[in-house]
Every structure is written in structure tokens, then in C-alpha cells.
Amino acid sequence: MAYIGPSIETGFRQRYVYTATAGQTSFSGNDSVGISLTYTDSEYLDVYQNGVLLVPGSDYAATTGTTVVLVTGASLNDKVEMIAYQAFGVADTVSRADGGAFGGSISTSGTLTATGGIVSPVTINGTTPTLTIGDAGAEDAKIVFDGNAVDYHVGLDDSTDLLTIGKGSALGTTAHMTFNADGEILKPLQPAFLAHAASVQSNIAINTTTDIVFGTEVFDIGANFASNTFTAPITGKYQFSWAIYFQNLDTATQYYQFLFLTSNRTYYQIFSPNFDADAEYQSFTWSGLIDMDASDTAKVQLQIPNSGAAQADVYGDSNGATFFSGFLAC
């Protein structure tokens, strides 16, 4: 059924006419044509008596929305007329076709869909600000940082149930850091290596400095270890460890000195074989946190003075008795 009456988008006026009795002050209910008096706001009500516009407050009171009370009683057959107006305003809207800007707060209990960009800044506030990405479905959820040369992402890889930080816009390709449900963190691209001596390095020369040979790589993340030398890919702090399994130490040798040679400084470990007889076996270990600049190098060396014989060996086997390892710590 069609709506009968004034449009809800526009205002209207309603006229009420009463014929007064002698001394009548209060007017309400049905007027002379049966229309019941009602108004929404006294500011939008005009009252006339015999065609003369009355003054609100001085000549009448209109406070209830259904009654007008004259200050001075009307005379018999006076015409008391009220005209009530419904206020309206131009719609405050943003064009669906042309767009625009909202100046106030916006709320919705439904779904907000945005197919274009959202211009910053964006603030999420409240007593417990929360941004939820995903709907508990079996799908990946991510935030992509669209850079000029390189993109990065932070997201949930649904196939592995890992929180991933990585390069590019796709999950599961180049993961730089992953977090599992137990709080265990992996950095699969962090520079790290482990190499060991695969065979015996025999009869180390005296009166010279000799590189210790680590001929077998167990792993080398980033391919930074080669020819017994680690080369730092970036500036940072690196943790290094090494162990040397020594054989046939000559007691006549004044000392054996191991050098951990880096581009910034050299670290020493010295040993004097003051034995009653030659030592058949001896192990040496070292570890340290070292500062390195990008392209700095680090390697392990052995220095033997000219006292004694060139008889000492560095033992090597498949178990890694002699090894060299390191990783980027921070």
C-alpha cells in the first residue's frame, strides 16, 4: 500500500482552528474540523488570535506538544489558530557515485568492504584496540609492505601454521623468520656455517704461520665460508667457535700459538709443551663474540717457533674432531 501523507524526506505545516468560548485559555484536542492538536517543538509553532500573531511566552505557553494555553482568556467566538511546522534539513550524505568525505565518526554492525586504497593515517583505538585478520578459515592471512624495490610480508602460513616474516608478497617462499605455536623461532637465512678437518694436516712447519685446513663443510647458510676463511656478509656481531685436535706435540718446542685472525684484530691462544716427553694428544678450544664489518674475514692459524721439530699434526676425520663454526648473532 502506498504511503499517504507528507514525504519523510521533506517538512510540512499543519493548521488547527478553534472557536473560543468566553474566557477560554486552554486549547487542545480536536479543532473545528476534527484534527487533534500536536506539535513537536514550540519553536516551530505560530499562534494567532483573530488573525493577530501572538508572542510566545508573553501571550501564550506551548510546552506539552498537545496543548496551547493563553495568558489572557479569549472572548466568545474568538478564532484561535495554530500553525505547526515540521523541521527538516538537507540530507548530510556522501555521494555513492562521486564519493566525498565524512566529517564525523562512522560505525557499522555489518561488513565493511573496501576495494580501493585506504589513505593513512589509520588509528585503531578504544579500551582494547583489536585488528583481526582472517575468519578462522583454512586460508593464509597476511600484511604486505609494498616497497619501492623490495616487498615484505608478515602473515600466517596456514599450510604450516607458522607466523612468518619474509621477503616478497607471497607466504611460504622466502621466509626470513618463523614462529611456531610453541614459541620456537627460526631464522632460516641467518648466516651460519660449520666446517671440519676431513684429514690429518701432518708435520706442521716451524718458524712460520700456517692456516688450519677445514676441508669439509657440514653447512654454510649464505655461502660465506670458503678456503678455510669466513667472510662477513654484513656488519654485525658474530659468534665463533673452534676446536683443534693436536697430535705429536714436541716437548722441545718453546710454544704452540693459535691465532684467530680477523680483519679488526687478532686473538691468541698459547700453549707451552713443558712435558717430560712428547705429547701424543692435546685438544685446544676457543670461542668468542666478534665485531665484524661487511667483507671482513676470519680464519684460524697455527704459529710454531723454530725450536723443536716439525712433527705436530692437526687431526681430521669425518666426526669433526677439528672444527670451525660461526653465525651472525646480532
Kindly indicate whether residue 69 is modelled with pLDDT under 95, among the hydrophobic types (A, V, I, L, M, F, W, C) and more than 30 Å from residue 118 (Cβ to Cβ). no
One residue from 178, 128 being outside the structural domain of residue 231 (by TED's automatic domain parsing), more than 30 Å from residue 297 (Cα to Cα) and out of contact with any Pro (no Cβ under 6 Å at 6 or more places or on another chain): 128
Leading residue by the ranking (modelled with the highest pLDDT) among those in segment 168-185 that are loosely packed, with under 15 Cβ neighbours inside 10 Å and in contact with a Phe, Trp or Tyr (Cβ under 9 Å, 6 or more places away or on another chain): 185
Specify which of the listed residues (260, 271) is of a type outside the set (S, T, N, Q) and farther than 15 Å from residue 210 by Cα. 271
At least 3 residues that are closer than 25 Å to residue 187 by Cβ in each: list the strands (runs of 3 or more DSSP E) lying fully within segment 222-330 that qualify. 229-231, 236-249, 279-292, 297-304, 323-328
Looking only at segment 186-205, which residues are surrounded by fewer than 19 Cβ atoms within 10 Å (Cβ to Cβ) and either farther than 25 Å from residue 166 by Cα or of a type in the set (S, T, N, Q) (or both)? 190, 198, 199, 200, 202, 203, 205
Can you name the condition, by its number, that residue 220 falls short on among (1) loosely packed, with under 14 Cβ neighbours inside 10 Å; (2) closer than 29 Å to residue 293 by Cβ? (1)
Residues of segment 160-204 being outside any strand (DSSP E or B), touching a residue at least 60 places away in the same chain (Cβ under 8 Å) and either closer than 26 Å to residue 231 by Cα or within 18 Å of the chain's Cα centre (by Cα) (or both), which ones? 190, 191, 197, 198, 199, 200, 204
Scan segment 74-81 and tell me whether some residue there is in contact with a strand residue (DSSP E or B) (Cβ under 9 Å, 6 or more places away or on another chain), exposed (fewer than 14 other Cβ atoms within 10 Å of the Cβ) and among the polar types (S, T, N, Q). yes
Condition first: surrounded by fewer than 13 Cβ atoms within 10 Å (Cβ to Cβ) and of a type in the set (A, V, I, L, M, F, W, C). Now tell me which residues in segment 273-328 satisfy that. 275, 277, 289, 294
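The values are calculated or read from the model by the stated rules, or taken from the named source; none is laboratory data. Predicted model, so just to flag it, every value in this text is computed and none were measured. Cβ atoms come from the backbone with ideal geometry, glycine included; neighbour counts cover every protein chain shown.
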